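The values are calculated or read from the model by the stated rules, or taken from the named source; none is laboratory data. Predicted model only: the values in this text are computed from it and were never measured. Positions of Cβ are backbone-derived with ideal geometry, glycine not excepted, and every protein chain shown enters the neighbour counts. For accessibility, only protein heavy atoms count, side chains too; no ligands or nucleic acids. Shrake-Rupley method; radii C 1.70, N 1.55, O 1.52, S 1.80 Å.
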Amino acid sequence: MVIYGVTLLAACYLVGVFAGELLGRLLGIDANVGGVGIAMLLLIILSNLRDERFHLKPMTETGVTFWSAMYIPIVIAMAAKQNVTGALSGGWMAILAGTLAVTASFAMIPVLARFTEVRDE
Amino acid sequence: MSEAFSSTLTANSLIAAFVFVGLVLALSNWISNKFTNGRIHGSAIAISLGLVFAYVAGVFTGGTRGLADIALLSGVGLLGGAMFRDFAIVATAYGADLNTLKRAGWVGASSVIIGVVLSFIVGAVIAVAFGYTDPIAVTTIGAGASTYIVGPVTGTALGAGSDVIALSVAAGLTKSILVMIGTPLVARRIGLNNPSSALVYGGLMGTTSGVAAGLAATDPKLVPYGAMTATFYTGVGCLLAPSVLYLLIEAIL
């Protein structure tokens, strides 16, 4: 049943976000620490356990893959609700700070990615 | 007649948003095929169009939520809000490769810390260059250059003024929008074409919305890897900026 897939996904989501909330409180900060990441890890581990104990029927799987396919449309809606005017109204300093932070981070990617390649060999 | 039309849309805002986003995507795919021979992804065009709409809507409504501030399109706010976004991000993890995570996990994790510190330093240097000398203001603006959530969390914790907090939000918003638009443009040059580099990318960039949209426009198969590390970034930023990084700035200035 499709709903089983949606339920599995929603349960992973809630468990992860709850764990992230607890982690944030444990560290004494007002933020969810990696809740979504923990939820993703849960789902990845479950979906990699393809044996008799955990095997989703194709119909159940569509309950998860539908939401995965809705990802791009959701991201487009997210772009359309951004505070773009707010970003541009911060003046040159804010724009420059944001722009240079992105530039520096982009430049760092090949440097760090090299470490993952070394371990691939 | 027009009143009936608008009340239908406002009473069914989420459904209206499905239609709206579908039409934007259809238009974008058409533009992509017709004018760029498919070289620029339809999704990249759709995300940029979304940002343009958000800007125009912001100018006309004076609000902060882009198109979602227009009553007829308020469903865009729900569909594009954090709940659906995060739910869909988790769904993309289904079927992702566990071995990649195991192999590149440590580099991904360290990229989060490096990413927070790097963006923070850049933001702090710019703040100093623009004449800020108060350690609290410099720290808050540096934190804002990490993400637009870390900025206000740090500023509030340290007792920064609301003008400085607003600046830090603007810096973070600029970053997130630039990551959305810039990622597909630089992806090839920075080697963003495999799960390992996507893990590093998510950790360095950290803005969940920026990374989500940037990877969607580059290669949707990389989304789970980048999003995974990015979701830890804001938490790590909120942890480091008001504590270690603030003490560092205070010692320097």
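Computed values, structure above
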| item | result |
| --- | --- |
| Trypsin sites (Lys or Arg not before Pro) restricted to segment A:1-86 and DSSP loop, no more than 15 other C-beta within 10 Å | A:Arg50, A:Arg53 |
| For the protein assembly as shown, size of Cβ-based charge dipole, Lys and Arg +1, Asp and Glu -1, in debye | 640 |
| Label-point separation, B:Glu250 to B:Asn193 (7 Å along Cα→Cβ), nm | 4.8 |
| Hydrodynamic radius of chain B per Kirkwood, over alpha carbon pairs, in Å | 19.4 |
| Computed E for A:Leu27/B:Phe60 - FRET, C-beta separation, R0 51 angstrom, nearest 0.05 | 0.80 |
| Inter-label distance, nm, simple model (7 Å from Cα along the C-beta direction), B:Ile31/A:Val2 | 3.1 |
| HN-Hα J in Hz across segment B:184-199 - Karplus 6.51, -1.76, 1.60, θ = phi - 60°, x for Gly and Pro | x, 6, 9, 3, 5, 5, 9, x, 8, 9, 9, x, 5, 5, 5, 4 |
| Cα-based Rg of the protein assembly as shown normalised by 2.2 N^0.38 Å, two decimals | 0.97 |
| Fraction of accessible area attributable to carbon and sulfur, chain B (%, probe 1.4 Å) | 68 |
| Estimated inter-spin distance, A:Phe18 and B:Ile113, nm [label 7 Å along Cα→Cβ] | 3.0 |
| Given charges at Cβ of Lys, Arg, Asp, Glu: the protein assembly as shown dipole, positive-most of A:Met40, B:Val186, B:Thr229 | B:Val186 |
| Buried area at the B-A interface (accessible, heavy atoms, 1.4 Å probe, summed, Å²) | 7300 |
| Between segment A:21-99 and segment B:124-140, the Cα center-to-center distance that results, in Å | 31 |
